[in-house]
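**Student:** Here it is: the structure, laid out below.
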Amino acid sequence: MVEASTEQKQTDNPMTKPTLDKVTVHISVGEGGEKLIKAENIVKTLTGQATVRTSAKKTQPIFGTRKGQAIGCKTTLRRERASAFLRSALETRQNFVHEFQFDETGNVSFGIVDHTEFPGMTYDPQIGIFGMDVIVSLKKPGYRVARRRAAQRRVPIGHRVTREQAISFLQNNYNVVLG
């Protein structure tokens, strides 16, 4: 009897329930110039938020990139904007996510092959077709201890979001189907 009440307390505790921390949208084009500007405009249109350019970490002569060269763009969404974008991104995939796309710390990432699958987006031959990566990060209340400036500490292992908790969170809140 005592064990059942302890389990019930753990599931009712609001500190143990995962929440959506952020959604990062990333497009990599492999080069700068006009193609990168088009990708930035697509991300701005889809998310309603400004982008940040990503650069190459090292020189790759095979791909024609130099260290520090801008090769992609990304933006980070939080709160309601993140939730709304995640719903529309999952709808383009028919709410289908593979189990191997979840990592051990409660994050999930998936790709979208064609940006025109989003509602309101149409194919334009001047722009072309861009694919994107969507990275979803989950957290539990209390994760601030790892990011605050004063008295910074690690999040205990027992308080981190697990793969199973992330899967159940997305299934319950976003109707995700696992494959």
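**Student:** Which residues, taken from the range 39-62, are hydrophobic (A, V, I, L, M, F, W, C), more than 19 Å from His115 (Cβ to Cβ) and either in contact with an Asp or Glu (Cβ under 9 Å, 6 or more places away or on another chain) or surrounded by 14 or more Cβ atoms within 10 Å (Cβ to Cβ) (or both)?
**Tutor:** Scanning the range 39-62 gives a single hit, Ala56.
**Student:** Also: For the range 120-142, name all the residues that are among the hydroxyl-bearing types (Ser, Thr, Tyr) and open to solvent by less than 40 Å² (accessible area, probe 1.4 Å).
**Tutor:** Ser137
**Student:** Name the one entry in Phe96, Phe102 that is within 25 Å of Lys74 (Cβ to Cβ), in contact with a strand residue (DSSP E or B) (Cβ under 8 Å, 6 or more places away or on another chain) and loosely packed, with under 13 Cβ neighbours inside 10 Å.
**Tutor:** Phe96
**Student:** Let me ask something else about it. With the requirement that a residue be touching a Gly at 6+ places or on another chain (Cβ under 8 Å) and open to solvent by 30 Å² or more (accessible area, probe 1.4 Å), what does the range 12-29 give you?
**Tutor:** Met15, His26, Ser28
**Student:** Note down all Cβ pairs under 8 Å where the first residue falls in the range 56-69 and is under 17 Å from Leu36 (Cβ atoms), the second is loosely packed, with under 10 Cβ neighbours inside 10 Å, and they're at least six residues apart or on different chains.
**Tutor:** Lys67/Lys58
**Student:** Could you please find all residues in the range 133-179 being assigned to a helix (DSSP H, G or I), within 14 Å of Leu90 (Cα to Cα) and of a type in the set (S, T, N, Q)?
**Tutor:** Across the range 133-179, the qualifying residues are Gln171, Asn172, Asn173.
The values are calculated or read from the model by the stated rules, or taken from the named source; none is laboratory data. Quick caveat: nothing in here was measured; it's all calculated off a predicted structure. We place every Cβ from the backbone using ideal geometry, glycine too, and count neighbours over all the protein chains shown. Just the protein is used for accessible areas: all its heavy atoms, side chains included, with ligands, DNA and RNA removed. Shrake-Rupley method; radii C 1.70, N 1.55, O 1.52, S 1.80 Å.
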